[in-house]
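The values are calculated or read from the model by the stated rules, or taken from the named source; none is laboratory data. In this text, all values refer to a predicted model and were calculated from it rather than measured experimentally. Cβ sites come from the backbone with ideal geometry, for glycine too, and all protein chains shown count toward neighbours.
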Amino acid sequence: MSIDNLFVPLQLGKMTLPNRIVMPPLTRMRAPLGVPTALSAEYYAQRASAGLIITEATSITADANGYPDMPGIYTDEQIAGWKEVTCAVHKKGGRIVMQIVHSGRTSHSLYTADRSLPVAPSAIAPASGQAFTPEFSLVEFETPRALGTDELAGIVESFRQAAVNAIAAGFDGVELHSANGYLLDQFLQDGSNHREDEYGGSIGARARLLIETVDAVSKAIGPDRVGVRISPHGNFNDMHDSDPIALFSYLIGRLNTFGLAYLSLIEPRSSSIGLAEDISIDSANNAQLFRRMFNGPVLSAGGYTAETAGEAILAGHADAIGFGRAFIANPDLVSRLMSEAALNKHNRSTFYGGDGFGYTDYPVLEQQA
Ligand code: FNR
C-alpha cells in the first residue's frame, strides 16, 4: 500500500527520521514576551513521534515580530524557554528544528519599540489581508519602509545569530522561513520587490538576500543542519511573481550548491489554510514541478491525506510530508496513520492564542478507547 512509504526511515542532513510524517511549522501565538512556556514544551513533546518537528515561525529579532505572543530566539529568556522544549522532545526520542523568520511588511508599527514602520524590500503594502495587533485584533497593513542597501547585512547577521542561538537552545537544526510572504519571500518575488539596487530587478538580484542568508547560516551551524522553506505560486499575504517557475528554478539551482539538510515546499492549494478551510485543487503542484530540481531531500505540505502522501513519495515528488492541521489535533498522528485509525478534527477557533484548550488537550487513541 502506498501509505507504507511513510514508514521508511529518511536521512535529513545529520538527522535520521524514523518515519516521513513531519509536523510542519504551525504558529500558535502562545508565547508571552516571546518566551515559550512549559505548556509549549508539553505540546511539542506530545508530538515527538513525528519523523521531524519543525517549530512555529520564531522571530529573529524584536523588530522581526509580526504576531501577538509569537516566540522569539533573541533573548536569554527565550533561549532558556526553548531549551525546555528541545529537552522535552529529545527525552521522548524526537527530533526538532526551529523555523526562523523576519515578518517584514506583514508586521506593524505596534511591534517596534519606537513605533517605526515595518520594513520590506520596497514601500508596498500587501493589497489584501490584515495584520494582527499585539492584542489579537486585526488592522489594515501599513505601507512599510524600504530597507536601505546598507541595512541588509544586518538582516543576514540577525538570521545567523538566531541560528546560533537555536543550536545553543538544543535544536537539531534551523529552517529559514522564505515562504508565505514574510521578509525573505518579499525579496524573492517581484510583486513585493521593486528595488533598484543589487537586491532587486533580476531574478539573481532578488534571490541575493536569501542566498547570503543561507550562506551565513550554513557557515555558522553547518549546511547539513539548515533547511529552507519556500511557497512558489502561493498567494497568502498578497504574494505574486511575474514568472514563478523561472524564479524558483533559479533559486533551487543556487540552493543545490550548499548541501542543505532539506528543501520544504508549500503546496499553493493550501496557501491560506492558516485562515480558513480552503483547499483549492486547481493550483499548480509544486512537488511535481520542483522536486526534481533539488539535489537533496524535499518536504512537501498542503492538503495531504495519508493516501496522497504515500503516493507522492512513491511517485518521487517528495521524500517526506508535512501534516499541519492533522498534527494540531492528533498528537499521536504517526500511530494513528500506521493503524489507519480515525483522526481527531481540529478546532480552528483555538489555533491562535489562548491556553491549553485546543493546544495540549487533544486526546491520543488510548484516551479515547
Ligand atoms: C500554518 N502554516 C505555517 N507555515 C509556516 O511556514 N510557518 C508557520 O508558522 C505556519 N503557521 C501555521 C499555522 C496554522 C494554524 C496553520 C493551519 C498553518 C502552514 C503549515 O506549515 C502547512 O504548510 C499547512 O498547514 C498545510 O498543511 P495541512 O494543514 O493541509 O496538512
message: Six or more apart or on different chains, Cβ atoms under 8 Å: show the pairs whose first residue is in the stretch 251-272 and within 17 Å of Asn285 (Cβ to Cβ) and whose second is among the acidic types (Asp, Glu) and within 9 Å of the ligand (Cβ to nearest atom).
response: Ser264/Glu175
task: Test Glu340 against the stated conditions and say whether it is within 16 Å of the ligand (Cβ to nearest atom) and either closer than 27 Å to Gly66 by Cα or surrounded by fewer than 19 Cβ atoms within 10 Å (Cβ to Cβ) (or both).
output: no
- prompt: Inside the stretch 343-356, can you point out the residues that are more than 14 Å from the ligand (Cβ to nearest atom) and either of a type in the set (Val, Ile, Thr) or in contact with a helix residue (DSSP H, G or I) (Cβ under 6 Å, 6 or more places away or on another chain) (or both)?
  reply: Gly356
message: Among the numbered criteria (1) polar (S, T, N, Q); (2) closer than 25 Å to Ser137 by Cβ; (3) in contact (Cβ under 8 Å) with a residue 60 or more places away in the chain, which one does Asn19 miss?
response: (2)
message: Can you confirm whether Ser192 is buried (at least 17 other Cβ atoms within 10 Å of the Cβ) and in contact with a helix residue (DSSP H, G or I) (Cβ under 6 Å, 6 or more places away or on another chain)?
response: yes
- prompt: Is there a residue in the stretch 318-334 that is farther than 25 Å from Ala261 by Cβ and away from the ligand (no atom under 13 Å from the Cβ)?
  reply: yes
query: Applying the selection to the stretch 262-283, what residues are modelled with pLDDT of 90 or more and more than 30 Å from Ser218 (Cβ to Cβ)?
result: Arg269
query: Taking the stretch 257-273 only, how many residues are more than 13 Å from the chain's Cα centre (by Cα), more than 9 Å from the ligand (Cβ to nearest atom) and not aliphatic (A, V, I, L, M)?
result: 5
Positions within the stretch 100-145 being without any contact (Cβ under 8 Å) to a residue 40 or more places away in the chain and not small (Gly, Ala, Ser), in sequence order: Leu110, Asp114, Arg115, Leu117, Gln130, Leu138, Val139, Glu140, Phe141, Glu142, Thr143, Arg145
message: Anything in the stretch 243-291 that is of a type in the set (A, V, I, L, M, F, W, C) and part of a loop (DSSP other than H, G, I, E, B)? List them, or say none.
response: Phe258, Leu260, Ala261, Ile273, Leu275, Ala276, Ile279, Ile281, Ala284
